[in-house]
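Below: the structure, in structure tokens.
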Number of protein chains: 2
Amino acid sequence: MVNSMGFEGSEKKLEVMLVPGHSSLRKRGREFWNGIVEASEASILSTISNQHCDAFLLSESSLFVWDDRFVMITCGQTQLINSLVLFCESYNREDFKSLIFQRKNEYFSHLQKSTFESDRKKLELLFPGHTYQIGQLDGHHNLLFHMEGELCPDADDCTSELLMYHMEGEAVSVFRREGASLESVRGLLDLAGLFPEFKTDDHLFEPWGYSLNGIFEDRYITFHVTPEQHSSYISFETNLKLEEHSELFTKILEVFQPQSFDIVHFHERELPSFGERYQLAGGTNDRLECGYPIKFGHFIKRQLNLGKALRL
Amino acid sequence: MVNSMGFEGSEKKLEVMLVPGHSSLRKRGREFWNGIVEASEASILSTISNQHCDAFLLSESSLFVWDDRFVMITCGQTQLINSLVLFCESYNREDFKSLIFQRKNEYFSHLQKSTFESDRKKLELLFPGHTYQIGQLDGHHNLLFHMEGELCPDADDCTSELLMYHMEGEAVSVFRREGASLESVRGLLDLAGLFPEFKTDDHLFEPWGYSLNGIFEDRYITFHVTPEQHSSYISFETNLKLEEHSELFTKILEVFQPQSFDIVHFHERELPSFGERYQLAGGTNDRLECGYPIKFGHFIKRQLNLGKALRL
């Protein structure tokens with residue numbers, strides 16, 4: 001999965017909500033979800049559960065399953081669209097309350113097994129819907145499809161992504177080495193301080209790379225760290241309401257000290273500001289047809305140094 | 001050549017200098033250069049000449065030929081590496097004083113017929129050399145190979161690229177329409193004011209797009225305008241010494257009013273600053289092994305607005 005230039009950390013994401021009255025998705029059991037994950041060419045490494053949610057740590061990212069919905073995130077060269085196609089063999093269009101399929105722009109799009117355009121064709125065979133480009137084509141951006149139909153999202157139905165590029169400081173020495181220890185990683189992340197109530201499940205990959213899932217009641221967090229030497233990428237995603245956790249992103253940024261980062265907000269009020277340290281360098285403020293307000297911001301360090309060219 | 005998301009404006013570039021004492025490259029004649037251009041899957045549209053240089057306007061960008069060197073720039077899905085391979089059937093490694101092969105990161109790398117990595121393998125079969133990544137992998141960047149061997153570049157052996165993204169203002173209405181007129185384009189560019197001494201040759205493409213070559217003595221200029229609606233891209237390149245033309249980039253920026261731009265300098269002293277309008281948002285300052293100081297800067301507008309998501 002690692003080409004000579006590095007591992008593809010950029011994620012694809014699928015979020016499905018069923019209409020009320022369906023039997024529980026959690027009750028489909030491990031074999032069903034194994035199949036869904038394998039359709040993407042990923043596999044389940046481990047699982048944690050609470051009364052609301054099953055959280056699966058995958059060989060390439062994460063899957064969270066609630067009774068009435070699931071969120072699946074995959075990276076590398078996975079084909080997430082195929083998981084949806086398989087899921088649709090068990091459900092009809094009328095069963096879906098919401099479907100959102102999203103792809104972040106890739107580092108190595110020429111090494112992907114499918115393009116967003118080919119994924120979109122499969123989506124449009126299954127659902128009428130709308131397609132968006134969020135962010136500009138020459139910069140960081142997301143391509144997003146959602147099925148037709150307007151939702152009235154609940155006040156606490158929000159998702160936020162924090163996508164960080166080029167970590168610096170202590171995180172480099174902790175993550176960017178073979179044989180990192182889970183203790184040093186957990187200590188650096190200050191999991192106990194940041195997420196005291198969350199049950200967590202984490203994994204270090206060979207030769208490097210780190211994933212973490214956490215759940216508390218119906219809330220989730222997930223970290224994926226791709227510590228490639230010259231193009232490190234760290235994603236954090238949660239459905240915590242940031243209004244109630246206003247310091248969370250700032251604290252995570254202090255851990256990874258990225259040179260730049262993106263924020264994607266579904267149904268959060270505003271893009272935060274980051275004072276003297278980072279400035280907004282571009283973004284999007286819109287409302288999807290399905291009803292989610294969406295905000296995308298690309299932030300860069302205020303103080304920058306011209307770097308050296310990279311010898312390949 | 002135009003996929004549903006737009007034309008690939010990003011360029012590949014090949015610069016070859018022969019050792020002194022060779023018979024003139026210009027004397028190889030039209031048939032030879034036709035073959036070189038066709039090897040990239042491009043074709044020659046028109047030609048201008050002066051006592052130093054032949055300038056060929058191509059179906060995808062430009063070729064400039066002097067007695068002892070040539071610069072070839074191609075965009076779209078061309079395979080510039082194949083032009084070099086063909087050229088090398090007529091010349092030995094000892095004939096080369098300098099070889100630089102460069103690829104800008106592409107909008108649609110998955111639609112390219114070759115990758116920089118596969119190009120590099122062909123290059124390394126022909127020449128020992130050095131490979132660089134200039135700019136960061138998640139942002140605008142250039143991949144560059146040059147052959148082994150140190151040059152002592154002459155003081156006037158400099159090249160500058162100005163790569164502009166998302167034009168605004170009058171340029172939009174002039175370029176981004178079918179049936180644009182050469183008169184309106186030339187007026188907008190103020191060719192007579194900016195380049196009074198240059199002989200020029202320009203072409204409007206269907207349904208849109210514009211290329212211009214200009215030569216004066218041994219100096220060249222070249223513009224390539226890809227006015228795609230949501231990802232317009234304009235490149236300008238010259239071997240004029242910008243120290244002696246300090247206002248040139250500022251004036252071109254006034255024409256296209258891009259939301260952001262990159263500058264690549266080979267052997268120019270410093271990256272310019274652009275006062276209140278644009279700020280440097282990242283870059284590179286280094287010296288290639290072959291002896292060229294190289295500077296790369298990514299500039300963004302100081303005043304920015306959050307845009308709408310693009311409906312695809």
Pairs, first in contact (Cβ under 8 Å) with a residue 12 or more places away in the chain in the stretch A:228-246, second assigned to a strand (DSSP E or B) and among the basic types (Lys, Arg), C-beta under 6 Å, six or more apart: A:ASN239/A:ARG219; A:LEU240/A:ARG219
From the options B:LYS27, B:LYS12, residue that is charged (D, E, K, R), out of contact with any Cys (no Cβ under 6 Å at 6 or more places or on another chain) and surrounded by 22 or more Cβ atoms within 10 Å (Cβ to Cβ): B:LYS12
Tabulated pairs, the stretch B:188-205, first in contact (Cβ under 8 Å) with a residue 60 or more places away in the chain, second part of a helix (DSSP H, G or I) and of a type in the set (A, V, I, L, M), C-beta under 7 angstrom, 6+ apart or interchain: B:LEU188/B:ALA171; B:LEU188/B:VAL174; B:LEU188/B:VAL255; B:LEU189/B:VAL255; B:THR200/B:LEU191; B:ASP202/B:LEU182
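Could you pull out the residue among B:LEU57, B:LEU80, B:LEU84 that is surrounded by 24 or more Cβ atoms within 10 Å (Cβ to Cβ), within 28 Å of B:PRO153 (Cβ to Cβ) and more than 14 Å from chain A (Cβ to nearest Cβ)? Break it down into steps so the answer makes sense when it comes.
Details: B:LEU57 fails: surrounded by 24 or more Cβ atoms within 10 Å (Cβ to Cβ); B:LEU84 fails: surrounded by 24 or more Cβ atoms within 10 Å (Cβ to Cβ).
Testing whether each residue is surrounded by 24 or more Cβ atoms within 10 Å (Cβ to Cβ), within 28 Å of B:PRO153 (Cβ to Cβ) and more than 14 Å from chain A (Cβ to nearest Cβ) leaves just B:LEU80.
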Any hit, the stretch A:172-182, residues being at pLDDT 95 or above and among the acidic types (Asp, Glu): no
The listed residue being over 18 Å from B:ASP190 (Cβ atoms), away from chain A (no Cβ under 14 Å) and surrounded by 17 or more Cβ atoms within 10 Å (Cβ to Cβ), out of B:HIS298, B:HIS267, B:HIS224: B:HIS267
In the stretch A:118-155, residue nearest to the other protein chains (Cβ to nearest Cβ) [restricted to those that are among the aliphatic types (A, V, I, L, M) and assigned to a helix (DSSP H, G or I)]: A:LEU123
Residue within the stretch B:20-33 that is without any contact (Cβ under 8 Å) to a residue 12 or more places away in the chain, of a type in the set (Asp, Glu) and part of a helix (DSSP H, G or I) present: yes
The stretch B:282-295: number of residues that are closer than 21 Å to A:PHE299 by Cβ and more than 7 Å from chain A (Cβ to nearest Cβ): 0
One residue from A:HIS110, A:HIS141 being surrounded by 14 or more Cβ atoms within 10 Å (Cβ to Cβ) and either within 20 Å of A:PHE64 (Cα to Cα) or within 20 Å of the chain's Cα centre (by Cα) (or both): A:HIS141
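Tell me whether the stretch B:170-178 contains one or more residues that are under 23 Å from B:GLU8 (Cβ atoms), part of a strand (DSSP E or B) and touching a Ser or Thr at 6+ places or on another chain (Cβ under 9 Å).
no
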Boolean, B:LEU162 is away from chain A (no Cβ under 14 Å), surrounded by 14 or more Cβ atoms within 10 Å (Cβ to Cβ) and either at pLDDT below 95 or over 26 Å from B:GLN102 (Cα atoms) (or both): no
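Within 14 Å of chain B (Cβ to nearest Cβ) and of a type in the set (Phe, Trp, Tyr) - does that describe any residue in the stretch A:185-202?
No, the stretch A:185-202 contains no residue that is within 14 Å of chain B (Cβ to nearest Cβ) and of a type in the set (Phe, Trp, Tyr).
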Given (1) surrounded by 20 or more Cβ atoms within 10 Å (Cβ to Cβ); (2) within 10 Å of another protein chain (Cβ to nearest Cβ); (3) of a type outside the set (Lys, Arg); (4) in contact (Cβ under 8 Å) with a residue 12 or more places away in the chain, number of the condition B:LEU99 does not satisfy: (2)
Residue check for B:LEU280: surrounded by fewer than 19 Cβ atoms within 10 Å (Cβ to Cβ) and on the phi < 0 side of the Ramachandran plot: yes
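So that you can scan it fast, the table gives a plain yes or no per residue for (1) closer than 15 Å to A:CYS158 by Cα; (2) not small (Gly, Ala, Ser):
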residue: A:PRO227; (1), (2): no, yes
residue: A:ILE234; (1), (2): no, yes
residue: A:LEU242; (1), (2): yes, yes
residue: A:LYS251; (1), (2): no, yes
residue: A:ALA281; (1), (2): no, no
B:PRO272 vs. criteria more than 9 Å from chain A (Cβ to nearest Cβ) and in contact with a His (Cβ under 7 Å, 6 or more places away or on another chain): no
In the stretch B:34-54, residue surrounded by the most Cβ atoms within 10 Å (Cβ to Cβ) [restricted to those that are out of contact with any strand residue (DSSP E or B) (no Cβ under 7 Å at 6 or more places or on another chain) and in a helix (DSSP H, G or I)]: B:ILE36
Residue tally, condition polar (S, T, N, Q) and within 17 Å of B:ILE44 (Cα to Cα), over the stretch B:63-109: 6
Some residue of the stretch A:185-192 being more than 24 Å from A:TRP66 (Cβ to Cβ) and buried (at least 19 other Cβ atoms within 10 Å of the Cβ): yes
Near pairs, Cβ below 7 angstrom, 6+ apart or cross-chain, from the stretch B:120-141 (closer than 14 Å to B:LEU288 by Cβ) to any residue that is in a helix (DSSP H, G or I): B:GLY129/B:LEU123; B:THR131/B:ARG120
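Table: residues versus (1) of a type in the set (Val, Ile, Thr); (2) touching a residue at least 60 places away in the same chain (Cβ under 8 Å); (3) in contact with a Gly (Cβ under 9 Å, 6 or more places away or on another chain).
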residue: A:GLU8; (1), (2), (3): no, yes, yes
residue: A:VAL37; (1), (2), (3): yes, no, no
residue: A:SER46; (1), (2), (3): no, yes, no
residue: A:VAL65; (1), (2), (3): yes, no, no
residue: A:THR74; (1), (2), (3): yes, yes, no
residue: A:PHE116; (1), (2), (3): no, no, no
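The values are calculated or read from the model by the stated rules, or taken from the named source; none is laboratory data. In this text, all values refer to a predicted model and were calculated from it rather than measured experimentally. So basically every Cβ, Gly included, is an ideal-geometry build from the backbone, and we count neighbours across all protein chains shown.
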